[in-house]
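Data block below; observations after.
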């Protein structure tokens with residue numbers, strides 16, 4: 001249910017994660033298509049924040065509508081108005097409440113009804129008593145009917161092996177068209193779960209062909225600093241753009257990558273040498289800030305910075321070693337002056353960190369002799 005529908009609200013300065021789904025709210029004789037917001041702390045926003053128990057009352061009274069009347073009027077704010085004709089709804093109050101409760105569990109990282117069902121099935125498969133089957137069946141039937149078909153995450157078999165397994169030979173599933181479960185049906189369901197267990201075990205140990213999706217090294221934060229002089233062992237300070245590591249680019253010398261960036265950013269050629277000669281990178285930025293930018297600079301700046309970082313780490317092998325020593329860590333770059341270049345406590349885009357990771361990857365590729373980089 002959550003999918004990519006992620007939102008939040010702030011309560012007492014704390015960020016409360018949430019999600020939303022569409023719903024109809026009936027106010028008088030009119031139905032309004034709106035968003036129902038569900039939050040991890042158990043509150044539901046249906047035009048006001050209510051507890052789950054209060055939300056059930058909203059459903060009971062029809063304020064949140066799960067049945068839609070023939071000929072009823074409805075609208076979506078500033079979008080459209082219409083009249084219901086032969087309306088069909090797949091929800092009931094009980095089903096919607098169950099889905100909301102599942103969503104709250106998911107938002108809190110707890111097993112929802114599907115998770116609890118599959119855990120009970122695992123217990124039954126490990127010890128196949130009728131008592132354990134009954135527990136698994138009860139857990140399966142506690143899954144909202146709208147979600148049962150997706151419990152196994154298998155769009156081919158859907159929930160058939162599950163409902164056969166928990167019903168057992170000689171019994172019937174919750175779907176009338178299944179008929180009585182035969183021993184052959186049950187054996188097939190058992191074989192499905194045994195194959196599923198083997199597949200999941202194999203999947204858990206499988207490394208993607210292109211490598212892991214996330215880094216294995218802990219993230220490295222490059223704190224904002226004001227380095228003025230190079231030091232013998234700069235450590236991660238040397239990875240800052242403003243660290244005084246002189247570079248030569250297109251025949252011009254710059255005291256740091258930051259000096260070069262700000263000098264190249266201005267439109268007037270006569271201003272660039274002045275910026276390049278600034279005492280500090282901060283002074284270079286101040287001078288550049290007072291001058292007009294080059295046309296379309298915002299579209300070229302990441303390419304320029306990439307070029308400058310390549311020059312820095314090519315011309316300073318000792319700093320390249322520091323960069324390589326960060327392994328595959330995510331590089332979080334603080335920049336108090338820019339939410340574009342800095343991560344800034346999660347408020348920025350962290351382009352500096354991203355480009356440092358790119359250059360690091362290029363250095364590794366060069367050492368490995370890949371593509372002659």
In this structure, is residue 335 in contact (Cβ under 8 Å) with a residue 60 or more places away in the chain and more than 25 Å from residue 265 (Cβ to Cβ)?
no
Could you please let me know if residue 354 is within 18 Å of residue 245 (Cα to Cα) and part of a helix (DSSP H, G or I)?
no
Do we find a residue being within 30 Å of residue 337 (Cβ to Cβ) and assigned to a loop (DSSP other than H, G, I, E, B) anywhere in the range 196-216?
yes
Determine whether the range 301-322 contains at least one residue that is assigned to a loop (DSSP other than H, G, I, E, B), surrounded by fewer than 18 Cβ atoms within 10 Å (Cβ to Cβ) and in the same structural domain as residue 353 (by TED's automatic domain parsing).
no
Going through the range 14-53 one residue at a time, which ones are within 22 Å of the chain's Cα centre (by Cα) and assigned to a loop (DSSP other than H, G, I, E, B)?
40, 41, 42
Could you grab the pairs with beta carbons closer than 8 Å, sequence gap of 6+ or different chains, first residue in the range 142-163 and assigned by TED's automatic domain parsing to the domain that holds residue 192, second one at pLDDT below 90 and not in a loop (DSSP other than H, G, I, E, B)?
none
Given (1) more than 19 Å from residue 192 (Cβ to Cβ); (2) in contact with a helix residue (DSSP H, G or I) (Cβ under 7 Å, 6 or more places away or on another chain), index of the condition residue 159 fails:
(1)
In the range 133-145, anything outside any loop (DSSP other than H, G, I, E, B) and either under 34 Å from the mean Cα position of the chain (by Cα) or within 15 Å of residue 169 (Cβ to Cβ) (or both) is listed as 133, 134, 136, 137, 138, 139, 140, 141, 145
Would you mind stating whether residue 64 is over 27 Å from the mean Cα position of the chain (by Cα), at pLDDT 95 or above and either under 22 Å from residue 5 (Cα atoms) or assigned by TED's automatic domain parsing to the domain that holds residue 142 (or both)?
yes
Could you please find all residues in the range 191-237 being over 31 Å from the mean Cα position of the chain (by Cα) and in the same structural domain as residue 350 (by TED's automatic domain parsing)?
226, 227, 228, 229, 230, 231, 232, 233, 234, 235
Residue 80 vs. criteria surrounded by 15 or more Cβ atoms within 10 Å (Cβ to Cβ) and either out of contact with any helix residue (DSSP H, G or I) (no Cβ under 9 Å at 6 or more places or on another chain) or under 17 Å from residue 21 (Cα atoms) (or both)
no
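Looking at this structure, is residue 67 under 22 Å from residue 144 (Cα atoms) and either in contact (Cβ under 8 Å) with a residue 12 or more places away in the chain or in contact with a helix residue (DSSP H, G or I) (Cβ under 7 Å, 6 or more places away or on another chain) (or both)?
yes
Yes/no per residue for (1) surrounded by 20 or more Cβ atoms within 10 Å (Cβ to Cβ); (2) closer than 26 Å to residue 252 by Cα; (3) without any contact (Cβ under 8 Å) to a residue 40 or more places away in the chain:
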| residue | (1), (2), (3) |
| --- | --- |
| 289 | no, yes, yes |
| 299 | no, yes, yes |
| 330 | no, no, no |
| 344 | no, no, yes |
| 352 | yes, yes, no |
| 363 | no, yes, no |
| 370 | no, no, yes |
Every residue in the range 223-269 that is surrounded by 12 or more Cβ atoms within 10 Å (Cβ to Cβ) and assigned to a strand (DSSP E or B), please.
247, 249, 252, 253, 254, 266
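The values are calculated or read from the model by the stated rules, or taken from the named source; none is laboratory data. Being a predicted model, the structure only gives us computed values, none of them experimental. Neighbour counts run over all protein chains shown; Cβ positions are idealised from the backbone, glycine included.
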